[in-house]
Structures are given as C-alpha cells and as structure tokens.
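One structure is given here, and the rest of the page talks about it.
Throughout, read-outs are computed from the coordinates displayed, never taken from laboratory work. The structure displayed is predicted, hence computed values, not measured ones. When we count neighbours, we look across all protein chains shown, and the Cβ atoms used for this are built from the backbone with ideal geometry, even at glycine.
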Amino acid sequence: MPIDKQMILDYVIREYLEEDDDTEITYNTELISGGIVDSFSMVSLKRFLEKKYNIQIPDADATPEAFDTVNSIAALVERFVKA
C-alpha cells in the first residue's frame with residue numbers, strides 16, 4: 001500500500017492550522033521544529049496514522065525527528081506497513 005503523502009499533508013493542515021492561517025506547508029516543511037505540531041498533536045497524528053494504515057508505531061520510533069516533515073512521517077509509516 002503506497003503511503004499517501006497528500007492525505008497526511010491535508011490532515012496536518014486541517015487539524016493543526018488555524019482557519020485563517022495561510023502558512024504554506026509542503027512535504028518538507030518542518031512541522032515540529034517549525035512549531036506547527038506539538039507533542040500532544042504528534043500523539044493524535046500517530047493514532048490517526050495507526051488507524052489509517054492498520055499498523056502499530058512503537059513509542060521509541062515516534063520521535064520528533066520522525067514526525068518533523070510529511071516526508072519523514074511517510075517514511076516511518078512505510079517501514080511499519082511493510083513489516
């Protein structure tokens with residue numbers, strides 16, 4: 001199953017940006033270090049991905065680095081989808 005980066009990006013925009021926030025977010029935007037996603041939001045994003053792809057992401061792998069861009073999130077998810 002290919003990882004849908006656009007779906008992840010759309011989720012981040014929908015869930016974590018204010019409606020009037022016109023911040024441009026791409027697959028390489030720094031979400032955590034850029035202040036868009038905080039640790040609480042990271043947990044909800046992790047749950048969303050686990051449900052969507054029917055996987056378990058161990059807490060040890062759910063690092064701020066792994067969740068910092070849509071590209072790194074997709075790479076993380078792909079590791080567990082293939083496992």
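Worth pointing out:
- Measuring between their Cα centroids, the range 15-30 and the range 33-83 lie 17 Å from each other.
- For T23 and N71, the FRET efficiency from 1/(1 + (r/R0)^6), where r spans their Cβ atoms and R0 equals 22 Å, is about 0.80.
- C-alpha long axis of helix 39-53 to longest principal axis of the chain, angle in °: 50
- Linear extension gain, I55 paired with S39, 0.36 nm per residue minus alpha-carbon span: 3.7 nm
- For Rg and Dmax of the Cα atoms in Å, calculated from these coordinates, the label among [x] 31.1, 84; [y] 16.0, 49; [z] 11.9, 40: [z]
- 0 to 90° range, to nearest 10: angle between helix 70-82 axis and the chain longest Cα axis: 20
- The chain - mean residue ellipticity at 222 nm from DSSP helices (-39,500 (n - 2.57) per run, n ≥ 4, rounded to 500): -15500 deg cm²/dmol
- Between F80 and E15, the FRET efficiency estimated from the beta carbon spacing at R0 = 22 angstrom works out to 0.55.
- For V37, the residues whose modelled amide H falls within less than 5 Å of its own, excluding neighbours fewer than 5 places apart on the same chain, are I32.
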